[in-house]
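Scroll down for the structure; my scribbles are underneath it.
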Amino acid sequence: MTLDAATRRQSGVDVTKPKPTQYQEQVRAYGTVLDLDKLVTLDNNYVTAVAQLQSAQARIVASKAAFERAQALSKDNITTVAQLQSAQATFGADQAGVATAEAQVKTLKATALQEWGTVIGKALIEGGPLVTRLIERQTFLLQITLPPGTFITAAPKATVQFGASASRHQVDFVSPATQTDPKIQGLSFYYAADAASNLLPGMNVLAFLPSGAPIDGIEISASAVVWWTGRAWIYLRT
């Protein structure tokens with residue numbers, strides 16, 4: 001096509017220099033906003049177990065001191081054998097109480113790591129802000145699963161789309177998931193979404209994750225694209 005300057009002006013055809021940009025190929029995946037009832041229950045159980053352990057440790061400090069005092073007094077025949085045996089029994093019971101409480105805390109720590117992975121599990125154990133935000137619904141947790149046979153080497157950024165809206169919301173990578181979605185059977189990841197995204201537990205989302213290295217290119221505005229016979233045409237001035 002050949003157009004002189006006058007024809008271009010008359011037709012409203014403008015020529016602009018395209019801006020350099022990068023194109024990032026994306027993989028489409030599927031996700032679900034998780035219901036965190038199990039996480040809330042586990043967190044409550046862990047907090048209770050830690051409190052019980054601290055209480056047991058406080059009791060054993062007192063009973064140990066009482067037992068040692070009874071031992072010292074028995075050598076001088078100041079206390080009776082029955083008093084010494086009672087102090088010893090209390091100390092022994094408190095030792096067993098500490099051992100039981102420690103075992104419960106250890107079991108819940110292992111459960112947190114096995115069910116939720118190192119990032120969320122560690123946040124639960126340490127009382128980190130991530131779990132606090134999840135429990136208080138300031139943040140929602142999504143599980144996004146790639147199609148079978150699709151692999152991503154780096155911790156991927158992602159955007160999600162849900163409902164009838166075409167808008168996308170940025171979500172933040174948390175960690176690899178501890179199990180896959182049984183309906184999809186691909187690699188699975190946990191992502192966090194702000195409560196302002198209007199996501200709710202149980203919602204299904206369409207996710208878009210970057211794949212491969214970005215490709216250098218140019219940005220072409222929509223107004224520069226001519227559609228004809230169902231195909232897009234772009235013209236360059238030579």
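So the values come out like this:
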{"item": "Qualifying position, being surrounded by fewer than 17 Cβ atoms within 10 Å (Cβ to Cβ) and assigned to a helix (DSSP H, G or I), among Ala103, Ala123, Ala112", "result": "Ala103"}
{"item": "Pairs, first under 26 Å from Gln57 (Cβ atoms) in the range 74-97, second of a type in the set (Ser, Thr, Tyr) and modelled with pLDDT of 90 or more, C-beta under 9 Å, six or more apart", "result": "Ala87/Ser63; Thr90/Ser63; Phe91/Ser63; Gly92/Ser63; Ala93/Ser63; Asp94/Ser63; Gln95/Ser63; Gly97/Ser55"}
{"item": "Residue under evaluation Ala65, criteria (1) among the small types (Gly, Ala, Ser); (2) within 54 Å of the chain's Cα centre (by Cα); (3) more than 27 Å from Val50 (Cβ to Cβ), criterion not met", "result": "(3)"}
{"item": "Among residues of the range 55-82, those that are over 17 Å from Asp94 (Cα atoms) and among the hydrophobic types (A, V, I, L, M, F, W, C), counted", "result": "5"}
{"item": "Enumerated strands (runs of 3 or more DSSP E) restricted to the range 129-231, each holding at least 1 residues that are at pLDDT below 90", "result": "158-161, 169-176, 204-210, 215-219, 226-228"}
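Here's the yes/no breakdown for (1) closer than 19 Å to Ala29 by Cβ; (2) buried (at least 18 other Cβ atoms within 10 Å of the Cβ):
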residue	(1), (2)
Val131	no, yes
Leu141	yes, yes
Ala166	yes, no
Ile220	no, no
Ala224	no, no
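The values are calculated or read from the model by the stated rules, or taken from the named source; none is laboratory data. Quick caveat: nothing in here was measured; it's all calculated off a predicted structure. In this analysis, Cβ positions are derived from the backbone assuming ideal geometry, glycine residues included, and neighbour counts consider all displayed protein chains.
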